[in-house]
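Inspection log for the structure reproduced underneath, given as structure tokens.
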Amino acid sequence: MYLVYADESGDTGLIKPGGTQHFVISGVLIHETNWNQLFADLVTLRRDLRKRFGVPQRIAFHATDMVNGHGDFHHSQHGMSTQDSCDMYRQILDFCAQQVGILHFLHVFIRKPLIKKRDLDVFEWAWKIFIQRVHNMLDPRGELHRGDECAILITDRTHDDHLRKIMREMRAYNPIAKKYGGGAFNILVRRLLDDPVPRNSSHSYLIQLADLAAYALARRDLPRDKLKPYKFETYFDILDPVLLKSASNSDPQGVVYFP
């Protein structure tokens, strides 16, 4: 059994004032047999970060708070500078990159300015792509195939009812266009069991890792001037050893871009 922890970066609306140009879903996949050891290693990491930066272990790592100095990462809380926050962010990604064969990262990136169909449901389209890719990874030809292994999807709180509806529909009817000759295959998503499980990300270290990865990808492709002094646009590439590169035939790091 694989556990798939997922989180989002950006919003799902088409471009409006104050909105984002992207919607990213990041997933962290881990096999059940590796979960206990990884969790113990994450606890050790959090203790190391507490010693180095003075940040209590109870604090949740939310990417936007970390880089913008908001909430628990405001300098008035624990005396952290932007450099400290970026150093911490990088140390966490370095930890992830060392988990080869244990952690696997999967990403879907919706480039909203390139969408021509202006009534497209960005949320639904992105999650359908993500769920299909997870299914593909576990299928007989997939990178993570282990016999009849299946997965459970665990997400940060999102549009939970909508996501549940998407998952159930993909189990009943899921047409995938044929590459040649027209028509479609009905490839039912049966490698993901039950409904998605919504969690408060503040209570899940692994959802927090997905959040950090999603934001790092967004800032790699859409860098911000304020973060350039910290070379933040290079952070996503730290994860290269643990990316599921077979998820996409068109991107060397396996990021599934649409369109």
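Spatially close Lys pairs in segment 2-258, defined by Cα atoms under 18 Å apart and a spacing of eight or more places or different chains, total 7. Across every pair of non-identical alpha carbons in segment 73-169, the mean reciprocal distance, once inverted, gives a Kirkwood radius of 17.0 Å. Of the residues SER26, SER76, SER246, the one that moves most in a GNM of the chain with alpha-carbon contacts below 10 Å is SER76. Whole-Hz Karplus values for segment 145-154 come out as 4, 9, x, 9, 4, 10, 9, 10, 9, 10 Hz, taken residue by residue from phi with 6.51 cos²θ - 1.76 cosθ + 1.60 and θ = phi - 60°; glycine and proline positions read x. For the pair segment 51-66 / segment 104-141, the C-alpha centres are spaced 30 Å from each other.
For segment 244-257, 3J(HN,Hα) computed residue by residue from phi via the Karplus equation (6.51, -1.76, 1.60; θ = phi - 60°) reads 7, 6, 7, 5, 9, 7, 10, 10, x, 9, x, 5, 8, 8 Hz, glycine and proline entered as x. Largest mean-square fluctuation among LEU106, LEU222, LEU212, in a Gaussian network model of the chain whose springs join Cα atoms under 10 Å apart, belongs to LEU222. The base-10 log of I(q)/I(0) for the chain, evaluated at q = 0.08, 0.10, 0.12, 0.16 Å⁻¹, reads -0.31, -0.49, -0.71, -1.27 [Debye formula, identical scatterers on Cα atoms, solvent excluded]. Dipole check for the chain: with +1 at the C-beta of Lys and Arg, -1 at the C-beta of Asp and Glu, and the Cα centre as origin, the magnitude is about 480 Debye.
Suppose we keep just the DSSP beta bridges with both residues in the chain; what percent of those would be antiparallel, to 5? Bridges in the chain that DSSP calls antiparallel: roughly 60 percent. Sorting PHE53, PHE23, PHE39 from the fewest to the most surrounding beta carbons within 10 angstrom yields PHE39, PHE53, PHE23. Sequentially through segment 64-81, phi angles give Karplus couplings (6.51, -1.76, 1.60; θ = phi - 60°) of 5, 5, 4, 7, 9, x, 9, x, 5, 9, 5, 4, 6, 7, 9, x, 8, 8 Hz, Gly and Pro residues having no value and appearing as x.
Only the coordinates and a few stated rules stand behind these numbers; no lab work does. This is a predicted model, so every value here is computed, not measured. So basically every Cβ, Gly included, is an ideal-geometry build from the backbone, and we count neighbours across all protein chains shown.
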